[in-house]
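The values are calculated or read from the model by the stated rules, or taken from the named source; none is laboratory data. On a predicted model such as this, the values are computed, not experimentally measured, just so you know. Quick reminder, even Gly has a Cβ in these numbers, built from the backbone with ideal geometry, and neighbours come from all protein chains shown.
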Amino acid sequence: MEEISKIRKNIDQIDKKIVELLDERAECVKKIGEYKKQNNIPIYQPEREKQVKELVLATSKNVFPKDALLQIFTEIVSAARSLEAPINVGFLGPEGTFTEMAVIKHFGSSVVKKPLASIPDVFREVENGKLDFGVVPIENSYEGTVNITLDEFIDSPLKVVGEVFVDIHHNLLANVNSINEIKRIYSHPQTFAQCRIWLETNMPNVEKIEVSSNAKAASMVPWDKFSAAIAGRIAAEKYGLNILAENIEDSPENYTRFWIISSTPREVENAEKTTILVSVKDKPGALLKILEPFYQMNLNLSKIESRPSKRRPWDYIFFIDVEGDIHMDSFKKALEVVKENAVFLKILGSYSKGNY
């Protein structure tokens, strides 16, 4: 015990130093914030935040867990950013959704979060300048593309300034202490499908009630005794529910990709990904002529998705994710050829890849 006490005293001294250094860091941030205000520079600087995280990982001796270290510094950067000015972020609500988790993972907790009823609402609020950023789902590794998000970009002036991946883990949440007490389960239909095997094995005779979202399901449980919801951990925290079973999804490899959208492009040096929107001419080989320049410039296309233009029948628009920075010479050359063969071309954004 004497040896443990000695080590704990050492930890206490280290903690004091951490707090002192955080205060010192905050003073530096305040000075930068004043400079930004005087020179009309945006508060959110994704390039700088990327550099901070890269420096942290490069400095680490891999004793402290990497994921936890990134999470800590995301919160440090978020809290420091809030000293400069508040950032308002809209997301597909209600509170307690995986989209809110994406907001926190990307921006940290020290932002003003606004849940909205639909993806179009997120776009409108950002377009009207009521919000600085929006966070919207773009695709799920099992369910595929979120088409409504793509459709909004056809006419929207907004840009993609970042992406974030959230691993989807479903939990059984309840206001009782035992699975045996549960008579009803609320959740989204897709969630029921993703947890089918676990439910059939553990709760085959319990009534399943479909609702519009997992967060909505969790919000209903406190008012309905002997009920449960399938939702994420954040929903349990929001609505004060017990987690009776964790990670009940049939497959652990379930991710949703989210886009960070803004009315103003945010330049990132050496961006790893660029998304473009292109409409092709209605003639044989038109799509090939759009894709071939990227092959010739050795640029990998990680995603191609077509959507109806909604301007005339059988007219399609293609969304293409290209691995690379739009400022690369090879990328510029590829785009020159694309422009010659496209009806129109729109750059949605060049940004840093999200981490799984």
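Could you tell me which of the residues GLN71, GLN45, GLN51 is farther than 20 Å from LYS114 by Cβ, polar (S, T, N, Q) and surrounded by 17 or more Cβ atoms within 10 Å (Cβ to Cβ)?
Of GLN71, GLN45, GLN51, the one residue that is farther than 20 Å from LYS114 by Cβ, polar (S, T, N, Q) and surrounded by 17 or more Cβ atoms within 10 Å (Cβ to Cβ) is GLN45.
Can you name every residue in the range 302-347 that is more than 18 Å from ARG257 (Cβ to Cβ), in contact (Cβ under 8 Å) with a residue 60 or more places away in the chain and not hydrophobic (A, V, I, L, M, F, W, C)?
SER309, LYS310, ASN341, LYS346
Quick check: anything in the range 190-212 part of a strand (DSSP E or B) and surrounded by 22 or more Cβ atoms within 10 Å (Cβ to Cβ)?
No, the range 190-212 contains no residue that is part of a strand (DSSP E or B) and surrounded by 22 or more Cβ atoms within 10 Å (Cβ to Cβ).
Determine which member of the set SER279, SER350 is over 22 Å from VAL164 (Cβ atoms), in contact (Cβ under 8 Å) with a residue 40 or more places away in the chain and in contact with an Asp or Glu (Cβ under 8 Å, 6 or more places away or on another chain).
That would be SER279, the only listed residue that is over 22 Å from VAL164 (Cβ atoms), in contact (Cβ under 8 Å) with a residue 40 or more places away in the chain and in contact with an Asp or Glu (Cβ under 8 Å, 6 or more places away or on another chain).
Identify all residues within the range 257-305 that are modelled with pLDDT of 90 or more, among the hydroxyl-bearing types (Ser, Thr, Tyr), surrounded by 14 or more Cβ atoms within 10 Å (Cβ to Cβ) and farther than 14 Å from LYS353 by Cα; write none if there are none.
SER262, SER263
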